[in-house]
1. In nm, give the distance between the simple-model label positions of M384 and T159, each being 7 Å from the Cα along the Cα-to-Cβ direction.
2. Tell me which of G433, G419, G328 sits at the most positive position along the dipole axis of the stretch 317-459, charges placed on C-beta atoms (Lys, Arg +1; Asp, Glu -1).
3. Listed here are the pairs K274/K441; K136/K473; K274/K449; which of them are more than 25 Å apart at the Cα?
4. Taking the chain as the reference, fit the longest principal axis to its C-alpha atoms, fit the long axis of helix 456-476 to the helix C-alpha atoms, and give the angle between the two in degrees, 0 to 90, nearest 10.
5. What trypsin sites (Lys or Arg not before Pro) in the stretch 145-235 are in a loop by DSSP, with at most 13 other Cβ atoms within 10 Å of the Cβ?
6. By how many nm would the segment from K183 to R37 grow when fully extended, if each residue of separation counts as 0.36 nm and the alpha-carbon distance is taken off?
7. In degrees from 0 to 90, rounded to the nearest 10, what is the angle of the helix 365-374 Cα long axis to the longest principal axis of the chain?
8. With +1 on each Lys and Arg Cβ and -1 on each Asp and Glu Cβ, and nothing else charged, work out how big the dipole of the chain is about its Cα centre, in Debye to the nearest 20.
Amino acid sequence: MGSLSSDAPIHVVLFPFMSKGHTIPILDLARHLLLRRLAATITVFTTPSNLPFVSRHLAGTSASAVALPFPGDIPGLPSGVESTDALPSMSLFPAFANAAALMQPSLEAELQRLHPRPTFMVSDGFLWWTLESASKFGIPRLVFYGMSNYAMAVSYASTIENHLRGPMAEDEPFTVNAFPWIKLTKNDFERHFSQPMTEENPYLEFIMKVAVAMGKSNGLVVNSFQELEPAFLEYWNRECVPRAWCVGPLLPLERPVACDPQLQTTWAQWLDRKRAGGERVLYAAFGSQAEIPAAQMREIALGLESSGTSFLWVVKKRESEIIADVDGGFEDRVSGRGMVVREWVGQRDILMHESVHGFLSHCGWNSVLESVWAGVPILAWPMMAEQPLNARMVAEEIGVGLRVEAADGTARGFVRGEGLAKAVRELMEGEKGEAARKKAKEVAEMARKAAEEGGSSWTALEALVEEISRKRKDHTG
Ligand code: UDP
């Protein structure tokens, strides 16, 4: 396609939010649109320091990336930080997200210049102000929100039924009318949702702007597939606006046996050796943003050590210093069996590697989808945002994983090393782990069918492009 029959070629403008988990899937969307010839031209907006990451991800495609200057001199924000994973603390998130809104004039200057004129825009939900820019130029806007239908539907239902405010204890179970089988607690949601909307709650104020702009947009692009969560997609499309379109997983279809030989990094070679030795590896990673306290990091190290399992653990710089400190040389003790990686890895390659049989994950939605895609069961340990809901979905709704339990039995409590070791052994060798593995492989098959030609996600993306391009045409003409 790439154009609507005799009409102008389709030009899609993409604007991902500046955090890795939000940027990666929108860049994947660019690849899918171009590869399938659903778009002829793609322009991706980003900021100067995110440009190298964006350009690397788009390498080999005809998409062009345009950097808009990120505002400097914002009180509280260290200068030069243009991505949430570089923030010294996630408490600076509202300041960062509000600073992003100051890019509106430069976005509009670029939109004015773009040729051919954009057919439609897909921008991250957090960039709520892009709706106004798109409207000024008569460009329909689709929202990319990066959450599952489950998380969106359950959050919406819990909010409108008013479960998140009021005196109920954080760990007291409640249910929502539409999904009575799900036992929720306030702990499944960010604290901001149960606090009053005051100046001290800038996060909630921001979420309101996001929600209002989303409601006025022309559609919601969801990186999920209909067969995974039909009841939640159906609920959203019945109760909420705009219409959600499941077009995922937006991942490459091939499955490598070993890691890409082009990427023969130490960890890739290490995984290949594990495969040759017939060892099952646990991959442990908590995404690009979670802030894990030092005491908890130590318990993770001790848990992985005493689990007896082979593991590949990806840590961030600050965490790396904590691990180096774990009593008596943790890395020496696990050497050969466990590997700690201190750099950005190809997570998808790792999950697709034949030696990887389990994923200890914070349940960021991309990580969940990537694990499901690879047929790898998850040991769910949510840390922030909507991750507790994703963890529930993984363990209770689709059955592709187990949960790590806190020592005091609460959802956000401290996890001891011995508890973690037990859960790791259950996932890697136990009956429950085997059942989750079997289910994960079945779901991986479903995901592939949805994403392949003729599948539900394949068809939905085509229909969405058709519908939204027609809107632009009707508007102009
Ligand atoms: N990721 C990666 N290498 C890393 C760390 C993260 O490729 O070293 C990718 C991961 O595969 C996923 C994204 O970064 O696509 C993280 O998104 P997710 O939603 O899982 O978590 P977040 O970082 O948003 O908490």
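1. Rounded to a tenth, the inter-label distance reads 2.0 nm.
2. Projecting each Cα onto the dipole axis, the largest value belongs to G433.
3. Pairs exceeding 25 Å: K274/K449.
4. The angle comes out near 30 degrees.
5. Sites meeting the loop and neighbour criteria: R165.
6. So the chain would gain 48.2 nm between K183 and R37.
7. Taking the Cα atoms of the chain, the angle to 365-374 is about 70 degrees.
8. So the magnitude is around 960 debye.
The values are calculated or read from the model by the stated rules, or taken from the named source; none is laboratory data. Source: prediction; values computed, not measured. Ideal geometry is used to build each Cβ from the backbone, glycine not excepted, and the neighbour counts take in all protein chains shown. Ligands, DNA and RNA are excluded from the accessible area calculation, which covers all protein heavy atoms including side chains. Shrake-Rupley method; radii C 1.70, N 1.55, O 1.52, S 1.80 Å.
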